[in-house]
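**Student:** Provided herewith is a single structure, encoded as structure tokens, for subsequent inquiry.
The values are calculated or read from the model by the stated rules, or taken from the named source; none is laboratory data. Remember, predicted model here, so these are calculated numbers, not experimental data. Note that we place each Cβ from the backbone using ideal geometry, even for glycine, and neighbour counts take in every protein chain shown. Note: areas computed on protein heavy atoms with side chains; ligands, DNA, RNA excluded. Shrake-Rupley method; radii C 1.70, N 1.55, O 1.52, S 1.80 Å.
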Amino acid sequence: QVQVVESGGGSAQPGGSLRLSCAVSGVTFNIPYMAWYRQPPGKARELVAGMNQAGNTNYAASAKGRFTISRDHAKNTVDLQMNMLRPEDTAIYYCDAYLGYREDHWGKGILVTVSS
């Protein structure tokens, strides 16, 4: 009964900012790892940023310095603050909640479009 729901997508101009949010329900324990992935048009899905329950983060090279991942106090949400957006950031963004071995749960994805 785990549900993962993304919100906050939309359109922005190059150099602008967007904030994505992900809410996970149906989980009563501290989620070991949460991450944002994206799939640009015609390309494979790729990791953007992730954070484990200890607060350690992992960023794609293209995202580091521009994007920031954060988790709330209850650790049932994860946000992605995206600054200095570029057209190549255009993609469908997916939230991943890793609950354990073979227990990945994914949101349905949310579209981000960056264009001038």
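**Student:** What is the mean projected area of the alpha carbon convex hull for the chain, to one decimal in square nanometres?
**Tutor:** In nm², the orientation-averaged hull projection of the chain is 7.0.
**Student:** At 1.4 Å probe size, with the rest of the protein present, what percent of the exposed accessible area of region 23-116 is carbon and sulfur atoms?
**Tutor:** 52 percent
**Student:** Counting only residues 5 or more places away or on other chains, whose amide H sits under 5 Å from the amide H of A49 once H atoms are built in the peptide plane?
**Tutor:** W36, A60
**Student:** If you count only protein heavy atoms with a 1.4 Å probe, what accessible area per residue comes out for the chain, rounded to a whole Å²?
**Tutor:** 54 Å²
**Student:** Still on this structure: Expressed in nm to one decimal, what extension gain is obtained for the pair H105 and T57 from 0.36 nm per residue of sequence separation less their Cα-Cα distance?
**Tutor:** 15.4 nm
**Student:** Another one. Pop out the ³J(HN,Hα) list for region 103-108 in order, Karplus 6.51 cos²θ - 1.76 cosθ + 1.60 with θ = phi - 60°, rounded to Hz; leave Gly and Pro as x.
**Tutor:** 10, 7, 10, 10, x, 7
**Student:** Kindly provide the Kirkwood hydrodynamic radius of region 25-80 in Å, to one decimal, from all pairs of distinct alpha carbon atoms.
**Tutor:** Kirkwood hydrodynamic radius for region 25-80: 12.1 Å.
**Student:** Now a separate question. Just add up the charged neighbours of K108: K/R +1, D/E -1, any other residue whose Cβ is under 13 Å from the Cβ of K108.
**Tutor:** Combined, the nearby Lys, Arg, Asp and Glu give -2.
**Student:** For S70, project a label point 7 Å along Cα to C-beta. Then give me every residue of region 1-30 with its amide nitrogen under 14 Å of that point.
**Tutor:** Backbone N within reach: 18-22.
**Student:** Using mean Cβ contacts within 10 Å as the protection proxy, how do 92-98, 44-50, 24-30 order, highest first?
**Tutor:** Output ranking for 92-98, 44-50, 24-30: 92-98, 44-50, 24-30.
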